[in-house]
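The values are calculated or read from the model by the stated rules, or taken from the named source; none is laboratory data. Keep in mind the model is a prediction, meaning the values are calculated, not measured. Here Cβ is always computed from backbone atoms with ideal geometry, including for glycine, and neighbour counts include all displayed protein chains. Quick note on the areas: whole protein, heavy atoms, side chains included, nothing else; ligands and nucleic acids left out. Shrake-Rupley method; radii C 1.70, N 1.55, O 1.52, S 1.80 Å.
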Amino acid sequence: QVQLVESGGGLVQPGGSLRLSCAASGIIFRAYTMGWYRQAPGKERELVATITSVGSTNYQDSVKGRCTISRDNAKNTVYLQMSGLKPEDTAVYYCNAAHFWGNYWGKGTLVTVSS
C-alpha cells in the first residue's frame, strides 16, 4: 500500500518560511520523481517543484529563488523549503510520486500566508 504523508504546513506571516516534508512508504522511493504541487481555493492544481531520481530539479517560475526541493533517499522523504512567502502562496500543498510504475498523491497540507 502506497502512502505519501505530508507535514509542516501551517499559518505563517508574509515573508516567513516553512519546510514541508513528505514521507513515502510502499514504493521504491529512490526510483521515483518526487514533486510538490499546490491548489489554491478556486484554482486548478499546479506544479511547484519536482526532483528526479538523480536529483535534477525543476521549479515553477513564481517560486524560483524562494523554494528549494530536496530528497533524502535514506529516509524516503522529500522536502520543500519555502522562504519569502507571499499571500498568493496560500494553498493546499500536495506531494506526488511519479514513475511508469505508478503515480501517487498525498492528502495535502495547508499553507496559509497571512498577517
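Among the cysteines of the chain, those with no neighbouring cysteine Cβ under 4.7 Å are 67. When Rg is the radius of gyration of the Cα atoms in segment 59-115 and Rh is its Kirkwood radius, what does Rg/Rh come to? Here Rg/Rh amounts to 1.00.
The slack in the chain from residue 105 to residue 52, taken as 0.36 nm per residue of separation less the alpha-carbon distance, amounts to 17.5 nm. Computed over protein heavy atoms with a 1.4 Å probe, the carbon and sulfur contribution to the accessible area of segment 1-71 reaches 46%.
List the relative contact order of segment 29-115 as a percent without decimals, with contacts defined as Cα pairs under 8 Å and 6+ residues apart. List each step's numbers first, then the result.
On the way: 158 pairs, mean separation 25.0, N = 87.
After rounding, I find 29 percent.
For the chain, what is the number of Lys pairs with C-alpha distance below 22 angstrom, counting only pairs 8 or more positions apart or on separate chains?
Summing the qualifying lysine pairs gives 5.
Put simply, the chain fits an ellipsoid with semi-axes of 23, 14, 13 Å; these come from the alpha carbon gyration tensor as the roots of five times its eigenvalues, largest first. Given a 1.4 angstrom probe, what's the average accessible area per residue across the chain, in square angstrom? Solvent-accessible surface per residue comes out at 53 Å².
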